[in-house]
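> Please find one structure pasted underneath; my questions will follow.
The values are calculated or read from the model by the stated rules, or taken from the named source; none is laboratory data. Computed from a prediction, not measured in an experiment: that's the story for all the values here. Every residue, glycine among them, receives a Cβ derived from its backbone with ideal geometry; neighbour counts consider all protein chains shown. These accessible areas exclude ligands, DNA and RNA; they are computed on the full protein's heavy atoms, side chains included. Shrake-Rupley method; radii C 1.70, N 1.55, O 1.52, S 1.80 Å.
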2 protein chains.
Amino acid sequence: MRKHIVIVGGVAGGMSAATRLRRLDEEASIVVLERSGHVSFANCGLPYHLGGVIEERSALLLQTPESLAARFALDVRVHHEVVSVDRSARTVTVRDLATGTTGELPYDALVLSPGARPVLPPVPGLEVAHTLRDVEDLDRLVAATGGARSAVVVGGGFIGVEVAENLLRLGIAVTLVEAAGQVLAPLDPEMVQPLHDVLREAGVDLALGASVERVEPADGPGGEHAVHLSDGRVVPAEVVVAAVGVRPESGLAQAAGLDVGERGGILVDESFRTSDPSIFAVGDAVEKTDGLDGSAVLVPLANTANRQGRVVADVIAGRPGRDRAVLGTAVVGVLGVAAATVGWTEKRLRAAGRPHRVVHIHPGSHAGYYPGAHPLALKLLVDPATDEILGAQAVGRDGADKRIDVIATAMAGGLTASDLAELELAYAPQFGSAKDPVNMLGWVARALAAGDVETLQWHELDDALAAGATLVDVRSPQEHADRPLPGALKLPVDELRDRLAELPAGPLVVHCEVGLRGYVAARLLAQHGREVRNLDGGYRTWRAGTAAVRGAEVSARA
Amino acid sequence: MRKHIVIVGGVAGGMSAATRLRRLDEEASIVVLERSGHVSFANCGLPYHLGGVIEERSALLLQTPESLAARFALDVRVHHEVVSVDRSARTVTVRDLATGTTGELPYDALVLSPGARPVLPPVPGLEVAHTLRDVEDLDRLVAATGGARSAVVVGGGFIGVEVAENLLRLGIAVTLVEAAGQVLAPLDPEMVQPLHDVLREAGVDLALGASVERVEPADGPGGEHAVHLSDGRVVPAEVVVAAVGVRPESGLAQAAGLDVGERGGILVDESFRTSDPSIFAVGDAVEKTDGLDGSAVLVPLANTANRQGRVVADVIAGRPGRDRAVLGTAVVGVLGVAAATVGWTEKRLRAAGRPHRVVHIHPGSHAGYYPGAHPLALKLLVDPATDEILGAQAVGRDGADKRIDVIATAMAGGLTASDLAELELAYAPQFGSAKDPVNMLGWVARALAAGDVETLQWHELDDALAAGATLVDVRSPQEHADRPLPGALKLPVDELRDRLAELPAGPLVVHCEVGLRGYVAARLLAQHGREVRNLDGGYRTWRAGTAAVRGAEVSARA
């Protein structure tokens, strides 16, 4: 019997489901209903067409209803909105947005892939703000930015920083307003501090710890809105873009009586079946299962949506299909610097009260003796009891995405933090190091697990010094002079053996530039009976962390 | 009691052992004996200083005896050769190569890290050839290439192609002679064909399937040697470089009566202990354990040596220490194209009679709609019974190293080929695709495992057609005209449903450009009851494979 499958939403998850269903079932009737005017468009490319990096708008339109009909015999209807679901009759009511007429469609299986919609905070006047979800939004934003000279972007998440960067490309002065003390919430503050730096260096007015209190709309077209910030400033902006996050588009599901979770996402089982066995849901609209603690999470990512779409096609075609819980691996590029992340952050672990060990390193993206290496900041979070990898973050001009992909794969394979030391990673001097940054994370994790060294985090230093520890800078005198950490004794690691007697009694904290010489010094001192901790990540992590805190405080005070 | 540790060889494995030993044992006496004039030099950077990419020779010298004494209290003696080991007395006899005097050194633990020496084939006259193992070799080669205009490089392995590339940078005409039909033996021929192309395009005279029969030395300095090849040609060359491989430097071990394996490497247990419990060996000089079948293998790689050096330090310091078997993950850059590999090749699997499934794909290095994406050729080898990943290869201008690192990590974590489909990899359009190339490998592997599609390898096509199958090109007419595969019917995938009747009876082979439309066509045809196979990797893999075979044959015939 010919199956009737109706799919709501024709982008990542929905279209992946549709095309795979056709490959599995040549006979089925497959109708894809998309409210906007486009299907299979490159969501993640929208900000880059705004800035002209992707020159041709048509490059974003990966498929059309016609191409999908020809190749996959799909019945794709754009400008068609599903307004209700009759679960007992197994029909949906569809409105043709072009004509205003409605009709019914029967289904044997219904797949909901409506995505998530941008949140617009309830701020007076903020309705003038653009959001960036689909091609129509993009067209409006492109029109609005033509000739504009000033913009405010509200929200410093992945989309917010991408939009800010692309507005800069258009020569527009940008103020980026972020309520938290940092951009990119899926990373910790000391990791994103380099991004604060590049954004500011590029001319972005970065308002951290600030929010928009109201917007006075411009008098007319081409005029400037007055954006009132919580820090008291009034920023003029011809264009306002709101990118404060997204909310699952679960209204249709809710109206149909399907179960929806506390976070507002449609609830599905591991085969993406909703509380109605004939109805499935995938992508940004559903609640996913966290890979570490099994809790419900919202992870609006295109690759996850694609994967889920494929699985749901398998299930509908009568095959076994399930998907893993999500780790939320993600990357974003900001003015040439990549920030990548997987798993939990330190702040999330701390908030959850989950014990964790932290490792910061600053290796080169490839061998230092080969030209073109860039520093890479890497962070690893480890369960101290089990050595399980809880999360990782990487920031740098080159190689950040690679290292996070490797660690995400290690997590998927159940490798421990110590196992990272043994990974065989491809090495030639253009591509990596004989001691790859990921191996180095593993070695540090092993040293901590073995008790070879104790480390101190940047945010623990003040307390340690207040409790009487002596801080020792084991770098060269020149490095100390150039980049001092206040209050440190100077004693270069290469002179340490001969000058042990100069160190005062009591606990010591050693530090160097990135943590490596500090580790050597700590091993030496520990073997000479001293109580010593190494400042994790060295001066560089300390500086980034304290600058992040200070920046947030300054913004909050202002 | 103070331990006396003697280490033979001061580069990767030896020096990693020495420095870690000091971090674990502040009291030990640690003597490092190095025959050449340098320790801790950047082995893998040598070819790049030759070509001037690494401008300063000093950049290759990562440490000196003085710096190692200051930081790690190591007694490092360059120009010192260990000439014999007295195992019962636990002493080594050391010759000071500068003075010619010899002396004895006692040891509690002896670590052999002598590396591997370049093989010089027994070809008359080939003693004029340079090899490239250490800084002294490099200095001689730099002197010889100054002003030279012609060179022959014998051997197309990793070092051979790196040397060829760097000679080109000096404006020297290069003939690269390789006895096999392809360069880079750790990859399969169809995968390295793009490298043959770029080498030839850059002007390298690539003599595949050829060997050097004799060399008539030049009359005097600055003259040209006459290099006689097996293809009958006589190539003039001011400089000859031999890079045909390396042999473990196991003479000292052998003379001391330690067990040496069939491949000439020192035999060690998983803690790198030799047949004498006081003597350890690491690095290129030892036989390693293959990660797939547990056989003894020689894998001369710097990162492996470093890892082993650390483990041996742990063992000597009384800690548990063992290392995994090796997968041989490696990468090399050739004129901007990277070739990376892990595990076994198809030719090795075939030679061993080990069943395997092959997958070729040609995705973009990142999302196609974002500028700057390059095609990436990826190959996966899978155990058909267990779905185990047996090996992978990647070739392309960007992202090859990343994908092989991910697959190497998946192999280390015991993930199957199908598991690759579920990996969460970091996606933004500059860095990857929502459907990452590694995910795509997993999907194809799943489709093969599920029997959704049967594929045909490029080297199986002729037999299939001879047996009566019909070849169908499902690309556009223009693609067929531009890049024809001889004898194919033309029937674009998007017209297939309407034109099924045009296909002759009997088995079909479909092909497209890279295998994706072919897969869609094969699914369609199979559901319409046709016996059909998809040409794996499409036209692109077929073309590369047949060109590789033809190139090797042409060279062999010439």
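> For region B:41-55, indicate whether the set of residues that are within 20 Å of A:Asp494 (Cβ to Cβ), among the charged types (D, E, K, R) and within 13 Å of chain A (Cβ to nearest Cβ) is non-empty.
For region B:41-55, residues within 20 Å of A:Asp494 (Cβ to Cβ), among the charged types (D, E, K, R) and within 13 Å of chain A (Cβ to nearest Cβ): absent.
> A further question on this structure: In region B:194-207, which residues are within 18 Å of the chain's Cα centre (by Cα) and open to solvent by less than 10 Å² (accessible area, probe 1.4 Å)?
Answer for region B:194-207, where residues must be within 18 Å of the chain's Cα centre (by Cα) and open to solvent by less than 10 Å² (accessible area, probe 1.4 Å): B:Leu195, B:His196, B:Leu199.
> Hey, does region A:313-321 have a residue that's closer than 20 Å to A:Val6 by Cα, of a type in the set (Lys, Arg) and away from chain B (no Cβ under 14 Å)?
No; the residues of region A:313-321 include none that is closer than 20 Å to A:Val6 by Cα, of a type in the set (Lys, Arg) and away from chain B (no Cβ under 14 Å).
> Another question about this same structure. Looking at B:Leu112, B:Leu132, B:Leu126, which is the one that is of a type in the set (A, V, I, L, M), farther than 21 Å from B:Gly13 by Cα and within 30 Å of the chain's Cα centre (by Cα)?
Only one candidate passes the filter, namely B:Leu126.
> Please go through (1) part of a strand (DSSP E or B); (2) of a type in the set (A, V, I, L, M); (3) open to solvent by 10 Å² or more (accessible area, probe 1.4 Å) for A:Val444 and return the number of the only condition it doesn't satisfy.
With (1) part of a strand (DSSP E or B); (2) of a type in the set (A, V, I, L, M); (3) open to solvent by 10 Å² or more (accessible area, probe 1.4 Å) applied to A:Val444, the lone miss is (1).
> Select from region A:393-418 the residues that are among the aliphatic types (A, V, I, L, M) and either within 11 Å of another protein chain (Cβ to nearest Cβ) or open to solvent by 10 Å² or more (accessible area, probe 1.4 Å) (or both) and list them in ascending order.
Hits for region A:393-418 are A:Ala394, A:Ala400, A:Ile404, A:Val406, A:Ile407, A:Ala408, A:Ala410, A:Met411, A:Ala412, A:Leu415.
> Which ones in region B:179-195 are closer than 21 Å to B:Ala237 by Cα and touching a helix residue (DSSP H, G or I) at 6+ places or on another chain (Cβ under 8 Å)?
Matches in region B:179-195: B:Val183 only.
> Which of the residues spanning region B:488-505 are under 21 Å from B:Trp458 (Cβ atoms) and open to solvent by 10 Å² or more (accessible area, probe 1.4 Å)?
B:Ala488, B:Leu489, B:Lys490
> Show the residue pairs that are 6+ apart or on different chains and have beta-carbon atoms under 6 Å apart, the first residue being within region A:47-74 and farther than 30 Å from A:Ser29 by Cα, the second being of a type in the set (Gly, Ala, Ser) and open to solvent by 30 Å² or more (accessible area, probe 1.4 Å).
none
> Could you look through region B:430-439, keep only residues that are open to solvent by 30 Å² or more (accessible area, probe 1.4 Å) and either away from every other protein chain (no Cβ under 11 Å) or not hydrophobic (A, V, I, L, M, F, W, C) (or both), and pick out the one that is nearest to B:Ser418 (Cα to Cα)?
Checked region B:430-439; the qualifying residue nearest to B:Ser418 (Cα to Cα) is B:Lys435.
> Of all residues in region B:410-454 being polar (S, T, N, Q) and in contact (Cβ under 8 Å) with a residue 60 or more places away in the chain, which is farthest from A:Gly309 (Cα to Cα)?
The selected residue is B:Gln430.
> Another question about this same structure. If I ask for residues that are in a loop (DSSP other than H, G, I, E, B) and either exposed (fewer than 15 other Cβ atoms within 10 Å of the Cβ) or hydrophobic (A, V, I, L, M, F, W, C) (or both), which ones from region B:447-469 would you list?
Those that are in a loop (DSSP other than H, G, I, E, B) and either exposed (fewer than 15 other Cβ atoms within 10 Å of the Cβ) or hydrophobic (A, V, I, L, M, F, W, C) (or both): B:Ala450, B:Gly451, B:Val453, B:Ala467, B:Gly468, B:Ala469.
> Another question, if that's okay. Could you check region B:515-548 and list, in sequence order, the residues that are of a type in the set (Gly, Ala, Ser) and either under 24 Å from B:Ala505 (Cβ atoms) or in a helix (DSSP H, G or I) (or both)?
Correct list: B:Gly518, B:Ala521, B:Ala522, B:Ala526, B:Gly529, B:Gly538, B:Ala544, B:Gly545, B:Ala547, B:Ala548.
> Which condition does A:Ala421 not pass, out of (1) open to solvent by 10 Å² or more (accessible area, probe 1.4 Å); (2) more than 25 Å from the chain's Cα centre (by Cα); (3) more than 7 Å from every other protein chain (Cβ to nearest Cβ), if it passes all the others?
(1)
> Please pick out the residue among B:Val183, B:Val192 that is under 30 Å from B:Thr546 (Cβ atoms), modelled with pLDDT of 95 or more and not in a helix (DSSP H, G or I).
That would be B:Val183, the only listed residue that is under 30 Å from B:Thr546 (Cβ atoms), modelled with pLDDT of 95 or more and not in a helix (DSSP H, G or I).
> A further question on this structure: Say whether the condition of being touching a residue at least 40 places away in the same chain (Cβ under 8 Å) and within 14 Å of chain A (Cβ to nearest Cβ) is met by at least one residue in region B:27-38.
Yes, that holds for at least one residue.
> Just checking, how many residues over region A:37-58 are in contact with a strand residue (DSSP E or B) (Cβ under 7 Å, 6 or more places away or on another chain) and crowded, with 19+ Cβ neighbours inside 10 Å?
Within region A:37-58, residues that are in contact with a strand residue (DSSP E or B) (Cβ under 7 Å, 6 or more places away or on another chain) and crowded, with 19+ Cβ neighbours inside 10 Å number 3.
> Spot the failing condition for B:Val244; the list is (1) without any contact (Cβ under 8 Å) to a residue 40 or more places away in the chain; (2) open to solvent by 30 Å² or more (accessible area, probe 1.4 Å), and only one is missed.
Failed condition: (1).
> Still on this model: Mind checking which residues of region B:506-540 are on the phi > 0 side of the Ramachandran plot and surrounded by fewer than 21 Cβ atoms within 10 Å (Cβ to Cβ)?
B:Gly506, B:Gly529
For (1) buried (at least 24 other Cβ atoms within 10 Å of the Cβ); (2) among the aromatic types (Phe, Trp, Tyr); (3) touching a Gly at 6+ places or on another chain (Cβ under 9 Å), each residue gets a yes or a no:
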{"residue": "A:Ser278", "(1), (2), (3)": "no, no, no"}
{"residue": "A:Ala285", "(1), (2), (3)": "yes, no, yes"}
{"residue": "A:Val297", "(1), (2), (3)": "no, no, yes"}
{"residue": "A:Thr304", "(1), (2), (3)": "yes, no, yes"}
{"residue": "A:Val311", "(1), (2), (3)": "yes, no, yes"}
{"residue": "A:Arg319", "(1), (2), (3)": "no, no, no"}
{"residue": "A:Arg322", "(1), (2), (3)": "no, no, no"}
{"residue": "A:Val326", "(1), (2), (3)": "no, no, yes"}
{"residue": "A:Gly343", "(1), (2), (3)": "yes, no, yes"}
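> Kindly check whether there is at least one residue in region B:497-509 that is touching a residue at least 24 places away in the same chain (Cβ under 8 Å) and within 35 Å of the chain's Cα centre (by Cα).
Checking region B:497-509: at least one residue is touching a residue at least 24 places away in the same chain (Cβ under 8 Å) and within 35 Å of the chain's Cα centre (by Cα).
> Anything in region A:65-81 that is surrounded by fewer than 22 Cβ atoms within 10 Å (Cβ to Cβ) and either over 30 Å from B:Ala521 (Cβ atoms) or within 12 Å of chain B (Cβ to nearest Cβ) (or both)? List them, or say none.
A:Glu66, A:Ser67, A:Ala69, A:Ala70, A:Arg71, A:Ala73, A:His79, A:Glu81
> Could you tell me whether any residue of region B:159-178 is aliphatic (A, V, I, L, M), touching a residue at least 40 places away in the same chain (Cβ under 8 Å), out of contact with any helix residue (DSSP H, G or I) (no Cβ under 8 Å at 6 or more places or on another chain) and within 22 Å of B:Val53 (Cα to Cα)?
Looking through region B:159-178, at least one residue is aliphatic (A, V, I, L, M), touching a residue at least 40 places away in the same chain (Cβ under 8 Å), out of contact with any helix residue (DSSP H, G or I) (no Cβ under 8 Å at 6 or more places or on another chain) and within 22 Å of B:Val53 (Cα to Cα).
> Quick one: count up the residues across region B:367-388 that are open to solvent by less than 10 Å² (accessible area, probe 1.4 Å) and within 11 Å of chain A (Cβ to nearest Cβ).
Residues that pass the stated criteria total 1.
> With the requirement that a residue be surrounded by fewer than 23 Cβ atoms within 10 Å (Cβ to Cβ), assigned to a loop (DSSP other than H, G, I, E, B) and either in contact with a Ser or Thr (Cβ under 7 Å, 6 or more places away or on another chain) or modelled with pLDDT of 95 or more (or both), what does region A:136-161 give you?
Within region A:136-161, A:Ala148, A:Arg149, A:Gly157 qualify.
> Hey, A:Val472 hits all of (1) among the aliphatic types (A, V, I, L, M); (2) closer than 18 Å to B:Asp405 by Cα; (3) buried (at least 22 other Cβ atoms within 10 Å of the Cβ) but one; which does it fall short on?
Result: A:Val472 fails condition (2) only.
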